[in-house]
Amino acid sequence: MSELRLMAVHAHPDDESSKGAATMARYADEGVEVLVVTLTGGERGDILNPAMDLPEVHGRIHEIRIDEMARAAEILGVRQHWLGFVDSGLPEGDPPPPLPEGCFALVPLEESTEALVRVVRDFKPHVMTTYDENGGYPHPDHIRCHQVSMAAYEAAGDYRLFPDAGEPWNVSKVYYNHGFLRQRMQILQDEFAKNGQEGPFAKWLENWAADDDVLLKRVTTKIECAKYFQQRDDALLAHATQIDPKSFFFTTPMEWQQRLWPTEEFELARSRVPVTLPEDDLFAGVQP
């Protein structure tokens with residue numbers, strides 16, 4: 001599989017470790033060349049780990065997040081590229097405040113698309129992964145990540161667009177990450193109950209109708225990657241400013257996760273090659 005290439009496009013450092021990370025680690029281990037493209041530097045991310053909520057960290061958050069990303073990429077066995085845009089932050093309030101001037105979500109779409117097209121034409125991925133039209137959740141950078149990724153997928157192979165951005169390259173397939181699944185959460189919560197424990201997902205499940213699970217509606221592709229779940233968690237923990245090791249991410253025993261839900265899920269959004277659904281391989285149908 002050494003001739004295959006996978007590009008994962010993400011909004012911020014740490015997104016790559018919480019969305020499809022075990023899949024990337026599996027493919028990298030199998031010889032696929034994997035590149036994470038991080039669109040922003042995560043400069044406006046909150047410090048979510050109390051142990052890292054220190055004055056010296058606040059003063060150099062951008063540099064620290066660069067170091068964290070390098071460590072996570074090393075753990076996953078992947079390459080990583082910064083696209084260089086500035087984190088938009090997550091506006092809070094009713095109504096929310098305007099986005100900060102110059103942030104990624106306000107950069108003209110043509111400008112950010114050209115920047116990503118340059119990377120696509122240079123790396124020449126056969127498969128891209130990104131977020132759906134809702135961004136996975138409605139962070140302005142995640143929504144913009146979807147828009148830029150899909151625009152670059154369409155533009156990269158068109159010689160008439162961005163002629164100075166390299167030789168055209170057609171990406172064969174593009175997928176949306178779908179890691180936040182009600183059914184998975186319910187199965188793990190039930191396992192806690194079977195073992196006489198209070199699971200961490202009760203409040204989520206109370207407010208989430210069973211028939212509103214994206215797994216039932218959109219997932220086309222399940223990748224077996226349980227062997228790489230520990231790498232995923234280790235990469236996530238490398239983002240120490242963002243990830244509290246005591247958070248609910250890490251409360252479910254690894255053996256339960258590997259036994260009860262050994263896959264990561266994706267939605268095939270576009271394909272230039274013939275496909276048969278459902279799939280168990282992102283490269284199904286691709287001829288390198």
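Filter region 172-193 for residues that are assigned to a loop (DSSP other than H, G, I, E, B) and under 30 Å from residue 89 (Cα atoms) and give the result. If the condition is that a residue be assigned to a loop (DSSP other than H, G, I, E, B) and under 30 Å from residue 89 (Cα atoms), then 178, 179, 180, 181 are the ones that fit.
Test residue 51 against the criterion of being within 18 Å of the chain's Cα centre (by Cα) and not in a loop (DSSP other than H, G, I, E, B), and give yes or no. So residue 51 does not fit the description; no. Taken over region 129-182, the criterion of being of a type in the set (A, V, I, L, M, F, W, C) and touching a helix residue (DSSP H, G or I) at 6+ places or on another chain (Cβ under 6 Å) is satisfied by 148, 151, 152, 155, 156, 161, 162, 165, 169, 171, 174, 181. Against the definition (over 22 Å from residue 228 (Cβ atoms) and either in contact with a Ser or Thr (Cβ under 7 Å, 6 or more places away or on another chain) or part of a helix (DSSP H, G or I) (or both)), how does residue 83 come out, yes or no? Answer is yes for this residue. Evaluate region 71-79: report whether one residue or more is closer than 25 Å to residue 151 by Cα, within 16 Å of the chain's Cα centre (by Cα) and assigned to a loop (DSSP other than H, G, I, E, B). Yes, some residue in region 71-79 is closer than 25 Å to residue 151 by Cα, within 16 Å of the chain's Cα centre (by Cα) and assigned to a loop (DSSP other than H, G, I, E, B). Within region 145-168, the set of residues being free of Cβ contacts under 8 Å to residues at least 12 places away in the same chain, closer than 18 Å to residue 270 by Cα and in a loop (DSSP other than H, G, I, E, B) comprises just one member, 158. You will find that of 255, 265, the residue that is in a strand (DSSP E or B), under 21 Å from residue 26 (Cβ atoms) and modelled with pLDDT of 95 or more is 265 and no other. As for region 58-70, it holds at least one residue that is of a type outside the set (A, V, I, L, M), touching a residue at least 40 places away in the same chain (Cβ under 8 Å) and either closer than 27 Å to residue 147 by Cα or in a helix (DSSP H, G or I) (or both).
Scanning region 95-106 for residues that are in a loop (DSSP other than H, G, I, E, B) and surrounded by fewer than 19 Cβ atoms within 10 Å (Cβ to Cβ) yields 95, 96, 97, 98, 99, 100, 101, 102.
So which residues in region 120-144 are more than 19 Å from residue 272 (Cβ to Cβ) and among the β-branched types (Val, Ile, Thr), if there are any at all? 143, the sole residue that qualifies.
Only one entry in 133, 92 is free of Cβ contacts under 8 Å to residues at least 12 places away in the same chain, assigned by TED's automatic domain parsing to the domain that holds residue 44 and surrounded by fewer than 15 Cβ atoms within 10 Å (Cβ to Cβ), namely 92. From the list 193, 202, 226, 238, which residue is among the aliphatic types (A, V, I, L, M) and free of Cβ contacts under 8 Å to residues at least 12 places away in the same chain? Only one candidate passes the filter, namely 193.
The values are calculated or read from the model by the stated rules, or taken from the named source; none is laboratory data. Note that the structure is a prediction, hence the values are computed from the model and not measured. With ideal geometry, Cβ positions are generated from the backbone for all residues, glycine too; neighbour counts draw on all protein chains shown.
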